[in-house]
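Mind looking over this structure? Questions follow.
The values are calculated or read from the model by the stated rules, or taken from the named source; none is laboratory data. These numbers were taken from a predicted model, which means no experiment stands behind them. Here the Cβ positions follow ideal geometry from the backbone for every residue, glycine too, while neighbour counts run over all protein chains shown. Only protein heavy atoms, including side chains, enter the accessible area calculation; ligands, DNA and RNA are left aside. Shrake-Rupley method; radii C 1.70, N 1.55, O 1.52, S 1.80 Å.
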Amino acid sequence: CEKIEYMFPKAHASAYVISAVRTAYFKLYHPIAYYATYFSVRATDFELDLLCQGYDAILRRLIEIEEKGFQALPKEKNMISILEMALEMTARGFSFKPVDLYKSAATKFLIEGDSLIPPFAAIGGIGENAAKNIAAARDSGPYLSIEDFQTRSKASKSIVELLAGMGCFRGLPETNQLSLF
C-alpha cells in the first residue's frame, strides 16, 4: 500500500455502477425512450437521410468508415458511436422517420410508435436557435406556403433549401399568391 499513490474512491466506483444499472434497465425495459434520450443528447453530426434508410444502409456506412482506418475524417470517426447505436436500434426493430414540419421538436427526438422523429437541430446546418424558431412558428397554425413558413419562422434561405431537400414542404406552394392562368 505504500507504493500505491492513488486509489479509486469507492463512492466514485459505486456511482459508475449505479449509472450502468440505470442505463441497462432503460435499455432493456424502455428501449425506444432510451434511444430517444441517447440521440437527443448527441443530436449533432447526424446523417438523417442515412438513418431513415434502415439497418443495411447504416451497416454499409459503418463498414465504409471503418475500412478507411486512419484515413477517416474526424467527423466520420465521431459518427461511429452514433451509427453503432442506430444500427443496434434498427436491429431491435425500431426505425427513424424523416423530419416532419408539424411533428418534429426543436432539439429532442420524439417517439411515435416504434419510430423516432428527429428534431430540426439534428439537421446539419440548422442551429439550436433556428430550430426553436421553426418549432415555435408552427404553433400559430398550418403554413399556407413556403414563403409563409420562411416569414413566420425567420428561417434563412439556406435552411429553407435544406428542409425542401429533405421533403418537408411536400404539398406546400411556393408563395401565397394564387395563379389564375
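Which of (1) open to solvent by 70 Å² or more (accessible area, probe 1.4 Å); (2) within 30 Å of Lys27 (Cβ to Cβ); (3) in a loop (DSSP other than H, G, I, E, B) is the odd one out, the single condition Thr107 does not satisfy?
(1)
Something else about it: Can you name every residue in region 123-181 that is more than 20 Å from Thr107 (Cα to Cα) and of a type in the set (Val, Ile, Thr)?
Those that are more than 20 Å from Thr107 (Cα to Cα) and of a type in the set (Val, Ile, Thr): Ile146, Thr151, Thr175.
Tell me, please, whether a residue that is under 16 Å from Ile32 (Cα atoms) and touching a Cys at 6+ places or on another chain (Cβ under 9 Å) can be found in region 106-123.
yes
Moving on to the next point. Failed condition for Ala121, given (1) touching a helix residue (DSSP H, G or I) at 6+ places or on another chain (Cβ under 6 Å); (2) not in a helix (DSSP H, G or I), with all others met?
Condition (2) is where Ala121 drops out.
Of the residues Ile80, Ile65, which single one is without any contact (Cβ under 8 Å) to a residue 60 or more places away in the chain, touching a helix residue (DSSP H, G or I) at 6+ places or on another chain (Cβ under 8 Å) and either part of a loop (DSSP other than H, G, I, E, B) or loosely packed, with under 15 Cβ neighbours inside 10 Å (or both)? Give the steps one after another, and end with the answer.
Details: Ile65 fails: either part of a loop (DSSP other than H, G, I, E, B) or loosely packed, with under 15 Cβ neighbours inside 10 Å (or both).
Matching residue, one of Ile80, Ile65: Ile80.
Looking only at region 21-36, which residues are within 20 Å of Ser104 (Cα to Cα) and of a type in the set (Gly, Ala, Ser)?
Ala33, Ala36 - these are the residues of region 21-36 that are within 20 Å of Ser104 (Cα to Cα) and of a type in the set (Gly, Ala, Ser).
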